[in-house]
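**Student:** Got a structure for you, written out below as structure tokens; questions coming shortly.
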Amino acid sequence: MIKKSKSELILLMQKYAKEENGNRTPTSRDMDKDKRYPSRSTYERVFGTWNNAVREAGFEPNIERPSKKVYSNQEMLQHLKKLSNELGRSPTAKNINKSDGPSTQTYMDRFGSLKMALEEAGLIVQRGYTESELFEFIDKRASELGHMPKYLEMLVTGYPSPMTYVNHFGKWRSAAHAYQEWKDGKKEKIHAEVLAKDIPILCRGHGINYFLLRDFTMSLIDKKQLDVYDMQMDDENAKKYMEFIKDNFYAICTRMNVIDLPKRVWMERKEEKDRYGRVVMVTGVLRIE
């Protein structure tokens, strides 16, 4: 491994803060997660402590919190109300992260999103962009640039500010990851819509009864799993149907006008053992969630 000099390490920390962290003081935990950058131990070996490295890079060290406190839901909601009273409005992600209570990420993990936590606390959620609208703006900017925009590349008139994304998602990198998932899901949906009309033709080509396929798919959606016993057919035929459903699940559901689609579908290996623990049968199980 090539050792980096002090100046190189400082430049990398400044680069991370600018491109991934909204020019805020980077935390060792965040940088450790990003394998493109040196780890905390590297900085401590060269600068003595993490905070020494932070100061050398021109940042103010984050306030050290003595230990992670486990907050109850009630304590977390009361903290939001307290911040709201102090600010005279609903707190943003930035306000929460600067306070001495739970972090924005803690609220997202506990309540699903900051918006849902604010609503649970009975606070007014500031009218802003929906997630879909925020993703559409990133998509438009990416088309203009020819690549995924960086934090500062979103500083364009007519677009939400980068801080809007930080307030909504906690940090720019989280917004970028969420956008990519949205983009992938959108592509899959478009592909499913195109393929849906050809499902009966594909069934004939694979020797599959389309009406049986519909029944098996509805059974899978209802029970969240499908195995050879549900299908009441021999292993080879059951496997053929299950693999076809797995490979074309969203297209089949689109043709059947299923509205609430699961996030993923996968095949598991199911083993049956005798009383001595020996495997006597191996079948597949199709699952969704």
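**Student:** Lysines near K6 by alpha-carbon distance under 17 Å, same-chain residues fewer than 8 away left out - which ones?
**Tutor:** In chain and number order, the partners are K15.
**Student:** Moving on to the next point. Going down the list K35/K69; K18/K98; K171/K224; K150/K183; K140/K171, which pairs span over 24 Å between their C-alpha atoms?
**Tutor:** Numbers: K35/K69 28 Å; K18/K98 19 Å; K171/K224 34 Å; K150/K183 17 Å; K140/K171 20 Å.
Long pairs (Cα-Cα over 24 Å): K35/K69; K171/K224.
**Student:** Please list 3J(HN,Hα) in residue order for region 143-156, calculated via the Karplus relation 6.51 cos²θ - 1.76 cosθ + 1.60 where θ = phi - 60°; whole Hz, with x for glycine and proline.
**Tutor:** For region 143-156, the Karplus curve yields 5, 5, 8, x, 7, 4, x, 8, 3, 6, 6, 8, 7, 10 Hz.
**Student:** So for the chain, taking the charge dipole from beta-carbon charges (+1 Lys/Arg, -1 Asp/Glu), which of G112, W50, F137 sits furthest toward the positive end?
**Tutor:** Of G112, W50, F137, it is W50.
**Student:** Still on this structure, please answer the following. Under a plain spin-label model, where a point goes 7 Å from the Cα along Cα-to-Cβ, how far apart in nm are K240 and R204?
**Tutor:** 1.6 nm
**Student:** While we're here: Highest first, please rank the peptides 149-157, 167-175, 103-111 by the mean number of other Cβ atoms sitting within 10 Å of their residues.
**Tutor:** 167-175, 103-111, 149-157
**Student:** Starting from the Cα coordinates of the chain, work out the convex hull volume and express it per residue in Å³.
**Tutor:** On the way: hull volume 71.8 nm³, N = 289.
Enclosed volume per residue, from the Cα hull, is 248 Å³.
Values quoted throughout were computed directly from the atomic coordinates according to the rules given, and no laboratory measurement underlies them. Since this is a predicted model, take the numbers as computed values, not measurements. Methodologically, a virtual Cβ is constructed for each residue, glycine included, from the backbone with ideal geometry; neighbour enumeration extends over all protein chains shown.
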